[in-house]
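Taking it in order: structure first as structure tokens, then the write-up.
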Amino acid sequence: MTDRIETERLILRLMRRDDAEALLPLFGDPVFIASFEATPFDLDEMEAWVERNLVHQAANGVGLYTVVLRSAGLVIGDCGLEWIDIDGEPVAELGYDIRRDHWGHGYATEAASAIRDHALHVLGLPRLVSLIQVGNAASMRVAEKIGMTNAGALNRYGNRYFRYELRRPDPAAGG
Ligand SMILES: CC(C)(COP(=O)(O)OP(=O)(O)OC[C@H]1O[C@@H](n2cnc3c(N)ncnc32)[C@H](O)[C@@H]1OP(=O)(O)O)[C@@H](O)C(=O)NCCC(=O)NCCS
């Protein structure tokens with residue numbers, strides 16, 4: 001797995017076990033976590049979440065990066081890929097989270113664009129999806145801004161999601 005992806009304002013670096021504390025301002029925030037219809041994490045839950053990502057990464061060679069704001073040297077989010085299964089088919093899901101005091105500056109869009117480009121052009125994946133809970137307008141907007149389109153709704157984990165999708169342009173088709 002590429003250990004570092006840089007953008008104009010952000011560094012996406014491999015997640016580390018000790019990032020749990022820096023990610024707690026995201027997942028411990030009741031407003032942030034409401035997007036997942038969950039309750040705020042404590043440090044133990046945050047550590048377990050990070051551990052799941054590290055296990056996924058070790059097994060699959062892709063995972064969520066820790067997003068660092070260059071100007072402040074501050075962890076402001078996570079963004080990356082996870083393999084999930086939809087209708088028996090493995091697909092790479094692009095995910096992104098930003099801490100609330102940094103929302104609205106285009107950081108999710110900047111991080112997700114970098115992961116999109118890496119996935120399509122470095123990893124050579126033909127297709128990306130994002131499962132976004134119906135009602136998460138900010139996340140849908142990010143998906144649209146990076147070129148994904150709404151491919152319909154599905155039920156999963158007891159929730160209703162929109163499946164946003166992006167396919168690698170076919171050079172033969174001039175795209
Ligand atoms: C979704 C999330 C990652 C967006 O992060 P961000 O850095 O603020 O995103 P950006 O600034 O790149 O873009 C947000 C866009 O959503 C728009 N937006 C924000 N709130 C909105 C709302 N309630 N309704 C419609 N659009 C909204 C913003 O105006 C912006 O679009 P614009 O550039 O056209 O104005 C952040 O809100 C978050 O972490 N939420 C909680 C976790 C989450 O939902 N993760 C995604 C799971 S699928």
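The values are calculated or read from the model by the stated rules, or taken from the named source; none is laboratory data. This structure is a prediction, so every number in the text was calculated from the model and none was measured. Here the Cβ is made from the backbone with ideal geometry for all residues, glycine too, and neighbour counts use every protein chain on show.
The table that follows gives values for the structure above.
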quantity: Of the criteria (1) more than 12 Å from the ligand (Cβ to nearest atom); (2) of a type in the set (K, R); (3) in contact with a Leu (Cβ under 7 Å, 6 or more places away or on another chain); (4) within 20 Å of E37 (Cα to Cα), which one R116 fails; calculated: (4)
quantity: The stretch 118-135 - residue that is of a type outside the set (A, V, I, L, M) and within 14 Å of the chain's Cα centre (by Cα) and, of those, farthest from L64 (Cα to Cα); calculated: Q133
quantity: Positions within the stretch 114-170 being surrounded by 18 or more Cβ atoms within 10 Å (Cβ to Cβ), in a helix (DSSP H, G or I) and touching a residue at least 60 places away in the same chain (Cβ under 8 Å), in sequence order; calculated: A114, I115, H118, S139
quantity: Count of the stretch 79-113 residues which are over 11 Å from the mean Cα position of the chain (by Cα), at pLDDT 95 or above and not acidic (D, E); calculated: 12
quantity: Flag for I76 being β-branched (V, I, T) and either surrounded by fewer than 17 Cβ atoms within 10 Å (Cβ to Cβ) or over 20 Å from V31 (Cβ atoms) (or both); calculated: no
quantity: Scope the stretch 32-69; condition in contact with a Lys or Arg (Cβ under 6 Å, 6 or more places away or on another chain) and surrounded by fewer than 17 Cβ atoms within 10 Å (Cβ to Cβ); matching residues; calculated: none
quantity: Where N159 falls short, out of the listed (1) modelled with pLDDT of 95 or more; (2) within 15 Å of S35 (Cβ to Cβ); (3) among the polar types (S, T, N, Q); calculated: (1)
